[in-house]
Structures are given as structure tokens and as C-alpha cells.
Amino acid sequence: MRLPTPVSRRAPLAALAAATGAMMLPVTRADASPAAAAGPAAAGPGARLVDYRRWDTDGAFASGTRRGTVVGDGRLRLDAAGAAGLGSRTLDGRRYDEGTWRSGWHEPGFALTSLIPSWSAATPRDSVVEVEVRGRTADGRTSSWDLMARWAAGDQHVRRTTVAGQGDDLARVDTDTWTVTAAGGVTAYQLRVRLLRREGQRATPRLEAVGAMASRLPAGTPAPTQPGDVRGRVLDVPRYSQMIHQGHFPQWGGGGEAWCSPTATSMVLSYYDALPGRRASSWVPDGHRDPWVDVAARATYDHGYDGTGNWAFNTAWAASRLGGGEAFVTRLTGARQAERFIAAGIPLIASVTFGPGELDGAPIGSTAGHLLVIVGFDAAGDVVVNDPAASSASGVRRTYDRAQLERAWLTRSGGLVYVLRDADHPLPPRGAATAW
């Protein structure tokens, strides 16, 4: 969890806790896009504009530009037969073979101010995936390539990290979010993925999917939605508390208040019967309850951010567990869109922010950023959640007032969610939506 700006994260949080007397969780971080920038005239001043684009097929990968990589079976790999096309790279003092893939320019149809990438990849042995982004303005100015992630599924060889800052031209990197600083936003973007493997190694990293959620959001909170047809539907998502892990593994955040994101992700993976097994948690000491949460925290830890709240790192790890499914970060317009996912049997991990008295029944009085799981809706249309901030699993299931939850969810994070699904749960029909 983290604060909405790339610097001075913890001092303001402590000051706010002292001033209010409320319990404050370390923050997940709200959208840092410039809210004051004017949106496209055709969209209207109050439009919430979101576009999710995904590349995950042979045709989609083949439409990009490749060097030292090949496409097959819906995956991108290093070209083992074409060593002449491979580049070479030094990382942490070690030499790696390198191949790249670059998308074409994608135009979401509006001037975006914020972008969050997501990906699914395998990194056997000493191999790495890097994800980069650049943008282009309506008048043709092009930004530099900004590194969004240096990622590996394990941590034996490479420190999984992001690099905050990089604000040298049209945008800056705020941990997992590419925040546009150019007046008026950018109208198109490209993604670039680098696949790296240790020189002399035959195993190759594999990119199975890469995508990005681009958005432009108005200031303020939209009017509350009225309940739709999905009333009384609650998914049977297992309940885990982050608080029972207080003090676990300081090198990966220390558990407790810091582990809302991996705990929420673990709840949804458990729902799909996709948690790691005993072998994966063999390093967790006996007596640690729900050891898969410890595994998730280690697997999502961002050494650059120094925490487990990196949105894309959580979905990348989840994607590796959901064979035939997918996991990505996007934004929804509110509870009506969430209802469509619940109807499809897909719980949602939502980022919320609220002050004292703003979310009745919450296990904490306020938070500058927190992840919980939307698991359904009661008969009145209020939102049923699994809130990992409860002190024990018995208190995780809660029901929150619909309008209060929407305000906590939409105002700061802009309706941000992790979407995790397995092969048995197709995404709901999009209709006019462009967020999935």
C-alpha cells in the first residue's frame, strides 16, 4: 500500500494519523493523473474515460516490431535459432541475452493522463522481463521510453523493481503508474517489452500477454448508482486477514497493515483453487497461519517501492497462477459495472480511500489507500466485501453502504480494480464498455 505521490510517502501518513487519532493503513496510492487537465470536448467535462488494450495472441504479437524474438502458441519468446538477432545486456554485473517486442501506436480515443500496464509472463531460471511505455501528443511530440517494471516471478537472481521518477519530458513514473505531465495529455502510446536471459542459458522467458489501462478522469465523485438486477448474489470467496501476519518477514514489508494487496489477491486465487501449494510455502515457519499470504507478499514485493502494494506486480503474480485465465488492472465506472463481474462469477479487488466516518462498519477508521475484495451485493444492492483489514478471518466479511463504498472507491483511485479470472469464468460482455 502506498501514498499517491512518488515521494514523502510515510511522513504525511503518520502526521494524518496523529491529527485524526484514527488507525491509518499504509496507502495503496490513488491515481496521480492531473485532474485539472481538460478532457476532449466531445467527451464532456464529466466523462470518465477508460480504455484497456491487451496483446495476447499470435496475430497481436506479430503486429508489433520484434528483434531477437519469435511468436508461437500465443507467446513471445527469445529466438533460440537466431542468435545474431539477440542483443546483449549487463544487469547487476551479469551478462544477459536480450530480445524485444514493440507494439504499434495505440490510440484510446481520448487524451489520456494516466496509464497502468499489466502482463503475464514466465521467467524460468535466471531470466527477466522489462516493460516500458512511451507516449505521443496530438501535436506529434514523443516522450522517452520509461521503464515501468523489471520483473521476474522469483527473487533468487533479480530484484523485482520499479523505478519511480523518470520525469524528463511528457510524463513521470509513479511506481506502477505512468502519469502524464504534458498539458492536454497524450493521445497515443506504445508498449515495449524486453526479454532477458542469462548468457549461456537455454531456458527463455515467455511473454503470454501484455496490456495497458489508459484513463482520463474528471475531478470529484460521480453520483451514486442505483442497484441493478444483481441483488442477493454473493460469491463464496474465502476470507483471510492481513493483520494476523503482523511482524512477518520485515524484508518483504513486515505483514499486518502492509499486506492488504497480497492478502486480497490470495483470497481471490483461493476462490479459483489456484493458491500455491505446500512446497511453495516450505520456507514459511510452522505456526504461520495462511502461509500462502506470506508467499504472495514475497512474490509481489517491489524493491524499488519497498512494498507489496504494486498493482501490476500483484496481477502479474496472479496471472502466473491462473492457467488459461488472466489478471489485469483496470478502472470501472462504479457498482453497476461491478455487478456485471459478480454476475459472471468474478470477484474484484478494489482500491479504496476514506476518512473518519466515511465508510460505516469498516474495521479501520480511515485509510489513505487500501485493497479489499468485492464479492457480491445484498438484497438492497449494498456491497458485500471481504475486507482483509479485519483483525481475524471471522470479521473479514462485511457489507458496506453502496453510496459510501462507491465514494471511497471512485474518488481517489478512480474505480481501480484487479480483475482475476480463471478459464471457467469468461469476462462479462463488454457492451459499450472499454475497460476490459
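Only one residue in 272, 301 is in contact (Cβ under 8 Å) with a residue 40 or more places away in the chain and under 18 Å from the mean Cα position of the chain (by Cα), so which one is that? Within the list 272, 301, the selection yields 301. The residues in the stretch 183-221 that are assigned to a loop (DSSP other than H, G, I, E, B), surrounded by 20 or more Cβ atoms within 10 Å (Cβ to Cβ) and of a type in the set (Gly, Ala, Ser) can be counted, and the count is 1. Being over 19 Å from residue 65 (Cβ atoms), outside the structural domain of residue 311 (by TED's automatic domain parsing) and in contact with a strand residue (DSSP E or B) (Cβ under 7 Å, 6 or more places away or on another chain) is the requirement here; does residue 210 meet it? Spelling it out, it is not the case that residue 210 is over 19 Å from residue 65 (Cβ atoms), outside the structural domain of residue 311 (by TED's automatic domain parsing) and in contact with a strand residue (DSSP E or B) (Cβ under 7 Å, 6 or more places away or on another chain).
From the list 231, 239, the lone residue that is under 21 Å from residue 372 (Cβ atoms), of a type in the set (Lys, Arg) and either in a helix (DSSP H, G or I) or in contact with a helix residue (DSSP H, G or I) (Cβ under 8 Å, 6 or more places away or on another chain) (or both) is 239.
The single residue among 142, 161, 100, 113 that is of a type in the set (Val, Ile, Thr) and farther than 26 Å from residue 331 by Cβ turns out to be 100.
Yes/no per residue for (1) farther than 23 Å from residue 116 by Cα; (2) of a type in the set (A, V, I, L, M):
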{"site": "319", "(1), (2)": "no, yes"}
{"site": "327", "(1), (2)": "no, yes"}
{"site": "333", "(1), (2)": "no, no"}
{"site": "345", "(1), (2)": "yes, no"}
{"site": "353", "(1), (2)": "no, no"}
{"site": "358", "(1), (2)": "yes, no"}
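Please find, among 136, 89, 95, the residue that is at pLDDT 95 or above, charged (D, E, K, R), over 23 Å from the mean Cα position of the chain (by Cα) and under 30 Å from residue 186 (Cβ atoms). Every option except 136 fails the conditions. Of all the residues in the stretch 69-87, those that are surrounded by 18 or more Cβ atoms within 10 Å (Cβ to Cβ), outside any strand (DSSP E or B) and touching a residue at least 60 places away in the same chain (Cβ under 8 Å) number 0. Restricting attention to the stretch 409-424, does a residue exist that is among the small types (Gly, Ala, Ser) and not in a loop (DSSP other than H, G, I, E, B)? No.
Conditions tested, residue by residue: (1) within 21 Å of the chain's Cα centre (by Cα); (2) of a type in the set (A, V, I, L, M, F, W, C).
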site	(1), (2)
174	yes, no
180	yes, yes
197	no, no
211	yes, no
228	no, no
250	no, no
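Looking across the stretch 389-411, the residues that are closer than 27 Å to residue 112 by Cα and surrounded by 22 or more Cβ atoms within 10 Å (Cβ to Cβ) come down to 405, 406, 408, 409, 410. For first residues located in the stretch 90-111 and free of Cβ contacts under 8 Å to residues at least 12 places away in the same chain, partners that are in a loop (DSSP other than H, G, I, E, B) and lie 6+ apart or on another chain with Cβ distances below 7 Å do not occur.
If you filter the stretch 140-153 down to residues that are over 16 Å from the mean Cα position of the chain (by Cα) and in contact (Cβ under 8 Å) with a residue 40 or more places away in the chain, you find that the one that is surrounded by the fewest Cβ atoms within 10 Å (Cβ to Cβ) is 141.
List the strands (runs of 3 or more DSSP E) inside the stretch 88-173, counting only whole elements, that have at least 3 residues being in the same structural domain as residue 187 (by TED's automatic domain parsing), within 22 Å of residue 73 (Cα to Cα) and not basic (Lys, Arg). Counting at least 3 such residues, we get 94-102, 114-122, 127-136. Of all the residues in the stretch 275-296, those that are touching a residue at least 24 places away in the same chain (Cβ under 8 Å) and more than 23 Å from the chain's Cα centre (by Cα) number 2. Considering each of 178, 151 in turn, give the residue that is closer than 25 Å to residue 94 by Cβ and hydrophobic (A, V, I, L, M, F, W, C). Result of the check over 178, 151: 151. Going through 90, 162, 137 one at a time, which residue ends up being within 30 Å of residue 203 (Cα to Cα), surrounded by fewer than 19 Cβ atoms within 10 Å (Cβ to Cβ) and not acidic (Asp, Glu)? Being within 30 Å of residue 203 (Cα to Cα), surrounded by fewer than 19 Cβ atoms within 10 Å (Cβ to Cβ) and not acidic (Asp, Glu) holds for just one of 90, 162, 137, which is 90. Looking at the stretch 165-182, which of the residues that are touching a Ser or Thr at 6+ places or on another chain (Cβ under 7 Å) and surrounded by fewer than 17 Cβ atoms within 10 Å (Cβ to Cβ) is modelled with the lowest pLDDT? That would be 168. Considering only residues that are part of a loop (DSSP other than H, G, I, E, B) and within 24 Å of residue 210 (Cα to Cα), look in the stretch 321-344 and name the one that is nearest to the chain's Cα centre (by Cα). Result: 332.
The values are calculated or read from the model by the stated rules, or taken from the named source; none is laboratory data. Values in this document were obtained by computation on a predicted structure and should not be read as measured data. For neighbour counting, all protein chains shown are included, and Cβ atoms are generated from backbone atoms with ideal geometry for every residue, glycine included.
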